[in-house]
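Student: My structure is below; once you've seen it, I'll send some questions.
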Amino acid sequence: MYWLFNSSIGRKLIMSISGIFLILFLLFHATMNLVLVFSAEAYDMICEALGANWYAIAGTLVLAGGFVIHIAYATWLTLQNRQARGADNYASSNKTQTEWAAKNMYVLGLIIVLGLAIHLWNFWYNMQFKELLHLEGAVSGGSGLVIGLFSDCPVYTLIYLAWLFAIWFHLTHGVWSAMQTIGFNNKTWFPRLKVIGNIVATIIMIVFAVVPVYFGIIGLFK
Ligand code: HEM
């Protein structure tokens, strides 16, 4: 077990597994959001089921743990790489052209965390946090809040699209890198993983983009 913390491949494995866990969350979250375009009532039913009950709180804590581990290890690995190689983050960047996303995973990650803070303040704070602490103005079904945010202020659509773009970029490198770390690292799989990574990242982000774009456009014609 010690090698998981003490070796750089162990740390990378933890990055990969926590990353795959977060990708699974994104797949679930994006699919759930899509329901809103078809039925606000169905969406509110899902929100209420995932509301402030003990299972949901446990889920939130596990999810937060996943984010914390992923970010803490990313910081650790990035600092370690810097120390080992000076300003040049990746040893390979001298010999081969390393992609922008690969070299800038940490910077992309910071933009994502900043967007996540705005996002949680937009929704999670008003829905779960207020309900948990019995604060005034807690919203139980989220449909009104989500539709209101994008249709009352379509600038939010642009902010969310920029955020999604950063996540897409992060995932184009993250998905294949994670799969490579957990063992798919031979010659045949290398190009395939890149294609799979790009497809998964693109599908997740297109599905996420539907809600802000759809209600943003409705807002423009209100
Ligand atoms: C762009 C479209 C998105 C919409 C409309 C949306 C909507 C929402 C809503 C309404 C909630 C509150 C749910 C609740 O508390 O019951 C929520 C929670 C959350 N969202 Fe999003 N979201 C979007 C994208 C994202 C993305 C891209 C991420 C990740 C990077 C993300 C991460 C989270 C997290 C971590 C929570 C808290 C989950 C929990 O309470 O356990 N969301 N989102």
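Student: Could you say whether any residue in segment 132-144 is at pLDDT 90 or above and assigned to a helix (DSSP H, G or I)? Walk me through it before giving the result.
Tutor: We begin by selecting, within segment 132-144, every residue at pLDDT 90 or above; these are 143-144.
Pick out the ones that are also assigned to a helix (DSSP H, G or I) and you get 143-144.
Yes: segment 132-144 contains one or more residues that are at pLDDT 90 or above and assigned to a helix (DSSP H, G or I).
Student: If the Cβ limit is 8 Å and pairs must be 6+ apart or interchain, which residue in segment 63-79 that is of a type in the set (Val, Ile, Thr) pairs with which residue that is within 14 Å of the ligand (Cβ to nearest atom) and assigned to a helix (DSSP H, G or I)?
Tutor: Hits for this filter: 69/18; 71/109; 71/113.
Student: Still on this structure, please answer the following. Being within 11 Å of the ligand (Cβ to nearest atom), touching a residue at least 60 places away in the same chain (Cβ under 8 Å) and either farther than 21 Å from residue 205 by Cβ or buried (at least 17 other Cβ atoms within 10 Å of the Cβ) (or both): is that true of residue 142 here?
Tutor: yes
Student: Mind listing whichever residues of segment 108-139 are among the small types (Gly, Ala, Ser), more than 8 Å from the ligand (Cβ to nearest atom) and free of Cβ contacts under 8 Å to residues at least 60 places away in the same chain? Quick ask: steps written out before the conclusion?
Tutor: Filtering segment 108-139 down to residues among the small types (Gly, Ala, Ser) leaves 109, 115, 117, 137-138.
This time we only want the ones that are more than 8 Å from the ligand (Cβ to nearest atom), so: 109, 117, 137-138.
Selection gives 117, 137, 138.
Student: Considering only segment 144-179, how many residues are over 16 Å from the mean Cα position of the chain (by Cα) and closer than 20 Å to residue 108 by Cα? Even if it seems obvious, please write down each step before you answer.
Tutor: Of all residues in segment 144-179, those over 16 Å from the mean Cα position of the chain (by Cα) come to 144-158, 179.
Within this subset, residues satisfying the condition of being closer than 20 Å to residue 108 by Cα are 156-158, 179.
Result for segment 144-179: 4.
Student: Ok, one more. In contact with a Leu (Cβ under 8 Å, 6 or more places away or on another chain), in a helix (DSSP H, G or I) and under 20 Å from residue 42 (Cβ atoms) - does that describe any residue in segment 106-123? Reasoning before the result, please.
Tutor: The first filter runs over segment 106-123 and keeps only residues in contact with a Leu (Cβ under 8 Å, 6 or more places away or on another chain), leaving 122-123.
Remaining after also requiring in a helix (DSSP H, G or I): 122-123.
Checking the rest, the ones that are also under 20 Å from residue 42 (Cβ atoms) come to 123.
Looking for residues that are in contact with a Leu (Cβ under 8 Å, 6 or more places away or on another chain), in a helix (DSSP H, G or I) and under 20 Å from residue 42 (Cβ atoms), one finds at least one in segment 106-123, hence yes.
Student: Say whether the condition of being surrounded by 18 or more Cβ atoms within 10 Å (Cβ to Cβ), more than 14 Å from the ligand (Cβ to nearest atom) and of a type in the set (Val, Ile, Thr) is met by at least one residue in segment 203-220.
Tutor: Taking every residue of segment 203-220 in turn, none turns out to be surrounded by 18 or more Cβ atoms within 10 Å (Cβ to Cβ), more than 14 Å from the ligand (Cβ to nearest atom) and of a type in the set (Val, Ile, Thr).
Student: Can you work out which of the residues in segment 4-56 that are near the ligand (Cβ under 10 Å from one of its atoms) and not in a helix (DSSP H, G or I) is surrounded by the fewest Cβ atoms within 10 Å (Cβ to Cβ)?
Tutor: Among residues in segment 4-56 that are near the ligand (Cβ under 10 Å from one of its atoms) and not in a helix (DSSP H, G or I), the one surrounded by the fewest Cβ atoms within 10 Å (Cβ to Cβ) is 50.
Student: To continue, here is another question. Can you tell me how many residues within segment 165-202 are crowded, with 18+ Cβ neighbours inside 10 Å, closer than 21 Å to residue 14 by Cβ and among the aromatic types (Phe, Trp, Tyr)?
Tutor: 1
Student: Of all residues in segment 145-156, how many are more than 9 Å from the ligand (Cβ to nearest atom) and either in contact (Cβ under 8 Å) with a residue 24 or more places away in the chain or hydrophobic (A, V, I, L, M, F, W, C) (or both)?
Tutor: So the count comes out to 7.
Student: Another one. Going by the structure shown, is residue 43 out of contact with any Phe, Trp or Tyr (no Cβ under 9 Å at 6 or more places or on another chain) and in contact (Cβ under 8 Å) with a residue 12 or more places away in the chain?
Tutor: Values: out of contact with any Phe, Trp or Tyr (no Cβ under 9 Å at 6 or more places or on another chain): yes; in contact (Cβ under 8 Å) with a residue 12 or more places away in the chain: yes.
The answer is yes for residue 43.
The values are calculated or read from the model by the stated rules, or taken from the named source; none is laboratory data. No experiment lies behind these values; they were computed from the predicted model shown. Glycine gets a Cβ as well: all are built from the backbone with ideal geometry, and neighbour counts include every protein chain shown.
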